[in-house]
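Just so you know, all these numbers are worked out from the coordinates, no wet-lab data involved. Remember, it's a predicted structure, so these values are computed and weren't measured experimentally. All Cβ positions, even for glycine, are placed from backbone atoms using ideal geometry, and neighbour counts span all protein chains on display.
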Amino acid sequence: ILEEDVRSIDIDDAGGNLNHLRHFVAIDRGTRSIVLSIRGTFNLAELVVDFAAFSRPFMGGEAHSEMATMAERVWEAAGDTVRDLLEEQGEDYGLEGPALPVC
């Protein structure tokens, strides 16, 4: 992925938003896809999220409650960029990311 194809990046733990996980959105021209990459557990505060082990309904199934909440928050932060890039690149492009449902 070329530097100019990274369209959104949120990786600043010191000054970043603590309500969602660090992530970036980029164009992968080799696979003709828009990539939403989410960094996993990095610090003690995020580890607490991992240990909140109860589930809730999510996208037609069940999911780890706090991980589902974080997924929703990342989408709130990055969703517009992903949608804009998919529209900009055209129907030949798809979406790639961690365990994403079929779009």
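Applying 1/(1 + (r/R0)^6) with R0 = 22 Å to the Cβ-Cβ distance of Glu72 and Ile1 gives a FRET efficiency near 0.30. Computed from backbone phi with θ = phi - 60° and the Karplus coefficients 6.51, -1.76 and 1.60, the 3J(HN,Hα) list for the stretch 27-42 is 9, 10, 5, x, 9, 6, 9, 9, 10, 10, 10, 10, 6, x, 4, 10 Hz; x is used for glycine and proline. Take each peptide in 89-95, 75-81, count the other Cβ atoms within 10 Å of every residue, and average; sorted highest first, the result is 75-81, 89-95.
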